[in-house]
Amino acid sequence: KNYNLYTGQFQKIEKGFADQEVPLNFIEYLENLGRQNNLSVTINSMGLGASDKKKKDTLSTLDFQVNARGAISDSLRFLEQLENGPWFLEIKLMDLEGESPDVDQPKPKESIVALSLSISVFAYPETSPSVVVK
């Protein structure tokens, strides 16, 4: 009855899920977020979540390995923005490691770190992502 009242909210929710076949929007989001935070970012797709390969008609996850390098404040801001961003995701593993400055280089204003994340982003199954109304 009131479906039309909530269409905008349904569409907003749908945008939080990655496309299982071509997760390009999510990858571009990660790249842009890294750029906005002055980080050097590499992203590796690890494929469909292991537990999801057996399930049908449920939400799947796509797994990514994200490595970033930059100032500690930029890395922490990247992490905060990722957690509060528009995507439904889970950070499964995080490693933050300080790097030793080169002896030949001037000492940086703040510590440079390497951030490594294992991320699962929720994705619609191969069937249509649209909301079904009965």
- Query: Which residue pairs have Cβ atoms closer than 6 Å, lie 6 or more positions apart in sequence or on different chains, and pair a first residue in the stretch 76-102 that is over 16 Å from V41 (Cα atoms) and touching a residue at least 40 places away in the same chain (Cβ under 8 Å) with a second residue that is of a type outside the set (A, V, I, L, M, F, W, C) and in a loop (DSSP other than H, G, I, E, B)?
  - Reply: P86/G16; W87/G16; F88/G16
- Give the stretch 32-60 a look and list any residue that's under 25 Å from A114 (Cα atoms), open to solvent by less than 80 Å² (accessible area, probe 1.4 Å) and either in a helix (DSSP H, G or I) or modelled with pLDDT under 85 (or both), or say none. N32, L33, G34, G47, G49
- Note on the structure: Residue pairs qualifying under the 7 Å Cβ cut-off, at least six apart or on distinct chains, with the first in the stretch 1-20 being over 26 Å from F64 (Cα atoms) and the second being surrounded by fewer than 11 Cβ atoms within 10 Å (Cβ to Cβ), are Y3/V133
- Positions within the stretch 1-27 being closer than 12 Å to W87 by Cα and either within 15 Å of the chain's Cα centre (by Cα) or open to solvent by 80 Å² or more (accessible area, probe 1.4 Å) (or both), in sequence order: K12, I13, K15, G16, F17, A18, D19, P23, N25, F26, I27
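The values are calculated or read from the model by the stated rules, or taken from the named source; none is laboratory data. This structure is a prediction, so every number in the text was calculated from the model and none was measured. When we count neighbours, we look across all protein chains shown, and the Cβ atoms used for this are built from the backbone with ideal geometry, even at glycine. These area figures cover heavy atoms from the full protein model, side chains too; ligands, DNA and RNA do not enter into them. Shrake-Rupley method; radii C 1.70, N 1.55, O 1.52, S 1.80 Å.
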